[in-house]
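> Structure provided below as structure tokens; questions to follow.
Coordinate-derived values only; no laboratory data. All values reported here derive from a predicted model rather than from experimental measurement. Cβ: placed from backbone, ideal geometry, glycine included. Neighbour counts: every protein chain shown.
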Amino acid sequence: MKAKIENLKGLRLLNPGPLVLITSKYQGKSNIVTAAWTSPVSHSPPLISISLSTKRLSHVLIGNSKEFTVNIPSIELLDKVLLCGSESGRNVDKFKAYKLKEVKGKKVVSPSIKECFAFLECKVIDSFLCGDHYLFIGEIVHCEIEKEYYNDCIDVEKVKFINHLGGSCFTYPEKIVEKKRE
Ligand SMILES: Cc1cc2nc3c(=O)[nH]c(=O)nc-3n(C[C@H](O)[C@H](O)[C@H](O)COP(=O)(O)O)c2cc1C
């Protein structure tokens with residue numbers, strides 16, 4: 001038997017994509033924000049969306065620079081991921097405070113994070129206010145992943161990325177099931 005849950009809790013049923021660290025830079029200020037709400041949205045061009053509350057400093061930096069980088073951390077970085085999601089860059093330099101190494105962007109001004117095993121550099125092509133969050137649509141202009149963790153998809157048997165189930169619950173996939181379409 002299925003039970004009714006609050007509409008707000010319904011968001012959690014769709015929550016788990018890779019939990020990411022989004023980096024941005026504007027007028028010399030670099031920042032990191034933890035984000036669970038991201039999604040692929042188009043093949044051609046390759047577009048993704050990120051959803052950031054209007055309260056976040058990152059929303060201001062990305063709104064101005066029109067660029068951002070999505071970094072994918074492994075489960076070993078969970079403590080730092082939570083720290084980046086608890087403090088605002090208005091009060092702390094998260095790169096310095098949490099000992100994350102800032103790497104110069106290749107095609108965008110926003111840096112990437114050395115400790116993350118993959119990153120996607122994006123240029124904002126559109127943005128919309130949706131409720132209390134801003135949806136930024138970014139075109140992927142450059143993308144890198146550690147070779148040993150890539151086998152046409154993330155090799156989750158070698159690296160464990162984080163899924164956020166909601167609240168204080170996290171998980172990770174660790175097995176690939178391959179099935180070709182008939
Ligand atoms: C697990 C987790 C997931 C989060 N996902 C999002 C998200 O998708 N969008 C968002 O706006 N904030 C999200 N947050 C909250 C921000 O990371 C947090 O408010 C952060 O301190 C904002 O930093 P900033 O002001 O430096 O941008 C999340 C936090 C955690 C711990």
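> Among the listed pairs LYS25/LYS114; LYS80/LYS160; LYS9/LYS55; LYS55/LYS114; LYS25/LYS123, which are separated by more than 18 Å between their Cα atoms?
Working: LYS25/LYS114 16 Å; LYS80/LYS160 15 Å; LYS9/LYS55 21 Å; LYS55/LYS114 27 Å; LYS25/LYS123 12 Å.
Result: LYS9/LYS55; LYS55/LYS114 exceed 18 Å.
> Need the full-extension length gain, ALA97 to GLN27, defined as separation in residues times 0.36 nm minus the C-alpha distance. One decimal, nm. Show your work: numbers first, answer last.
Values: separation 70, 0.36 × 70 = 25.20 nm, distance 2.01 nm.
Result: 23.2 nm gained on full extension.
> Could you give each residue of the stretch 61-76 its phi-based ³J(HN,Hα) in whole Hz, using Karplus coefficients 6.51, -1.76, 1.60 with θ = phi - 60°, and x for Gly or Pro?
So the Karplus estimates, Gly and Pro as x, are 5, 6, x, 8, 7, 6, 9, 7, 10, 9, 10, 9, x, 8, 4, 4 Hz.
> With a ≥ b ≥ c the root eigenvalues of the C-alpha gyration tensor of the chain, is it rounded (a/c under 1.5), prolate (a/b larger than b/c) or oblate?
rounded
> With 10 angstrom as the radius, rank LYS160, LYS180, LYS104 by how many other C-beta atoms surround their C-beta, starting from the fewest.
Working: LYS160 16, LYS180 4, LYS104 10.
Result, fewest neighbours first: LYS180, LYS104, LYS160.
> Another question, then. Figure the gain on full extension for ASP132 and LYS2 (residue separation times 0.36 nm, minus the Cα-Cα span) and round it to one decimal in nm. Display every interim value, and only then the final one.
Working: separation 130, 0.36 × 130 = 46.80 nm, distance 2.98 nm.
Gain in length upon complete extension: 43.8 nm.
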